[in-house]
Amino acid sequence: MDNALAWGSALLAGIGVMGIYQVRRYAHTWLERLRAANQAFDGLIAQDIYLANSYYQEWQAVHYVRLPGLLALSLPGLIPGEVRQQAGILRERHSRGTAILAKRNEEYVIAQLRDQREFFENVERYPLTESQRKAIIRDENNNLVVAGAGTGKTSTILGKVAFILKKEWAKPEEILLLAFTDKAKEEMETRIEARLGVALQVSTFHSLGFRIIGQAEGLKPSISKMAKDERNLHEAIQVTLDALLVEETTREVVTTYLAYYLRPYRSEFEFESKGEHIGYLRSNDIRTLKGELVKSFGECVIANWLFLHGLKYEYEASYKFPTATPDRKQYQPDFYLPDADIYIEYFGIDRNGDPPPYISRREYQDSIKWKRNLHARSKTALLETFAYEMQEGQLAAQLEARLRGRGIVLGKASPDEVAAASKERATQLAALLGTFIHQFKSNGISVAQLYEAAGRHRDVQRMEAFLALFEPVLGKYEETMRKTNEIDFEDMINRATANVLEGRYRSQFRYVLVDEFQDISRGRARLLNALLNQVGHRR
């Protein structure tokens, strides 16, 4: 039974015992409570401020939730008319409260545009636009102003600060302005002091984090060189990758990702035209470990698999017998294994024998038949692989089975060969890992959570291959900072947030204004929320 029914049942049961006299006796108490709730609402909307949604929520929490049983009753002749009238008013304010406040706030904005016209005309060098003025007047608990470059965002921030001070909603020391760069911070600080004649706390997120940690822990931390300079970070990760390539226990983790998962796989059947497919290959630079630019993702997998298993190959080498005619160029099979004298073709067909829709089925099938007949007539060994095997994740396994079936002994590329072939790709990978470390730490998640998310991804094998590589790189990165007793900027923001949440730092900021908020990270957003939640209601 919910609260309203419980109250109603109790009152009705009481009526049977107490009688009309008792009901009327308690009606006076009910009336006082209903009047208090409605008077509080009247006082709320009468204030000369913009009413943020939290004001209405607080009113509901204090007044409305205590009266559900009374509002559920409607007994003419028994419940006095004024009680029923006050209850009806309160019911409407509950059901239509959001709309009532929205209308009241719009009236407030219109009045402020009129009454504060001189202020908005002169607060900046040029009069503010109506959009800027409305953005300044509206004062929700959280306000997001979306504007393009050059539309006056800084002027709006300056106007907001001036409006807050004019209305005495906060003192200068209770306002914090945040920027993402030192240059933006200095420009904003200088501009506000010149126009408004007050010195506010203008800070970057990093300097704010330093200040919080210093005040809370009594000692400012040292920032790692890897955090200060991306080049240092990438070089450190490169050293780690080189070490992982040398170690036999970790070499396969690195080479597997570099050989098969560095670029996202897209089947040739996913494209609407041949040009689109070629564009994907070139824009993603789909190359083998040896540097060959190939014509499909499947060919890249085959080439890298052959290389890593110590099998010498030639990509698109001319067939050993002449085939050129006035209408046809010399045949160049996809791969040739000179030591085994075997040719390998990768046929881009599905299990029905169909090529991608932008390729003529008849012409492609004729080409396959011609190649098969040529090898049969010339008595050369042809090993066939297919695009559907790549789609099904079986290409490497099928290639290995067919080679073993022909008596080919597999080996391994030497560590020096792998390291040399991986050098360029490892450099690209170091940059990717550096970016991922920043994002990972900023989001405040664990490696276990990443693996859980990877298991739900449509490209789960690629995600898990990356995480298998990321985990030891992250471990070495953290170990390096522990040895030097340093932290990075993500650690700094996270530690600052923890100090705020755990009460070791007390915020005095009633307003926090952030420039270029679209660049916010989750870690920085958590810090903002922690600061604002400490202060609670702003006025």
- Please specify each residue of the range 248-260 satisfying the condition of being surrounded by 19 or more Cβ atoms within 10 Å (Cβ to Cβ) and either without any contact (Cβ under 8 Å) to a residue 60 or more places away in the chain or of a type in the set (Ser, Thr, Tyr) (or both). 255, 257, 259, 260
- Task: May I ask you to list pairs of residues, at least six apart or on different chains, whose Cβ atoms are under 6 Å apart, with the first in the range 225-243 being part of a helix (DSSP H, G or I) and the second being open to solvent by 50 Å² or more (accessible area, probe 1.4 Å) and not basic (Lys, Arg)?
- Result: 225/232; 226/232
- Task: State whether one or more residues within the range 183-204 are modelled with pLDDT under 95, in a loop (DSSP other than H, G, I, E, B) and of a type in the set (Ser, Thr, Tyr).
- Result: no
- Task: Please enumerate the residues belonging to the range 27-57 that are open to solvent by 30 Å² or more (accessible area, probe 1.4 Å), over 12 Å from residue 105 (Cβ atoms) and polar (S, T, N, Q).
- Result: 29, 39, 57
- Message: If I filter the range 369-383 down to residues being under 50 Å from the mean Cα position of the chain (by Cα) and crowded, with 16+ Cβ neighbours inside 10 Å, which single residue comes out as farthest from residue 407 (Cα to Cα)?
- Response: 371
- Under the condition of being open to solvent by 30 Å² or more (accessible area, probe 1.4 Å) and free of Cβ contacts under 8 Å to residues at least 40 places away in the same chain, which residue from the range 499-524 is farthest from residue 477 (Cα to Cα)? 506
- Item | Test result for residue 442, surrounded by 18 or more Cβ atoms within 10 Å (Cβ to Cβ), more than 18 Å from the chain's Cα centre (by Cα), in a helix (DSSP H, G or I) and polar (S, T, N, Q) | no
- Note on the structure: Counting only residues that are open to solvent by less than 50 Å² (accessible area, probe 1.4 Å), out of contact with any helix residue (DSSP H, G or I) (no Cβ under 6 Å at 6 or more places or on another chain) and either of a type outside the set (Ser, Thr, Tyr) or without any contact (Cβ under 8 Å) to a residue 24 or more places away in the chain (or both), the range 93-108 contains a total of 2
- Message: One residue is enough: does the range 304-315 have a residue meeting the conditions of a type in the set (S, T, N, Q), open to solvent by 30 Å² or more (accessible area, probe 1.4 Å) and in contact (Cβ under 8 Å) with a residue 12 or more places away in the chain?
- Response: no
- Message: Suppose we keep only residues that are within 29 Å of the chain's Cα centre (by Cα) and without any contact (Cβ under 8 Å) to a residue 24 or more places away in the chain within the range 185-203. Which one would you say is least open to solvent (accessible area, probe 1.4 Å)?
- Response: 185
- Message: For the range 167-182: of the residues being open to solvent by 60 Å² or more (accessible area, probe 1.4 Å) and part of a helix (DSSP H, G or I), which is modelled with the highest pLDDT?
- Response: 173
- Query: Restricting the first residue to the range 316-333 and requiring it to be in contact (Cβ under 8 Å) with a residue 12 or more places away in the chain, which pairs with a second residue that is part of a loop (DSSP other than H, G, I, E, B) and among the acidic types (Asp, Glu) meet a Cβ separation below 7 Å and a spacing of at least six or different chains?
  - Reply: 316/334; 332/316
- Message: Going through 413, 468 one at a time, which residue ends up being among the small types (Gly, Ala, Ser) and assigned to a helix (DSSP H, G or I)?
- Response: 468
- Task: Return the residue satisfying two criteria in turn: it lies in the range 445-465 and is assigned to a helix (DSSP H, G or I) and among the charged types (D, E, K, R), and of such residues it is farthest from residue 523 (Cα to Cα).
- Result: 462
- Which is out of contact with any strand residue (DSSP E or B) (no Cβ under 7 Å at 6 or more places or on another chain), farther than 18 Å from residue 488 by Cα and buried (at least 17 other Cβ atoms within 10 Å of the Cβ), of 395, 429? 429
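The values are calculated or read from the model by the stated rules, or taken from the named source; none is laboratory data. Remember, predicted model here, so these are calculated numbers, not experimental data. Counting neighbours? That spans all protein chains shown, and the Cβs are built from the backbone with ideal geometry, glycine included. Just the protein is used for accessible areas: all its heavy atoms, side chains included, with ligands, DNA and RNA removed. Shrake-Rupley method; radii C 1.70, N 1.55, O 1.52, S 1.80 Å.
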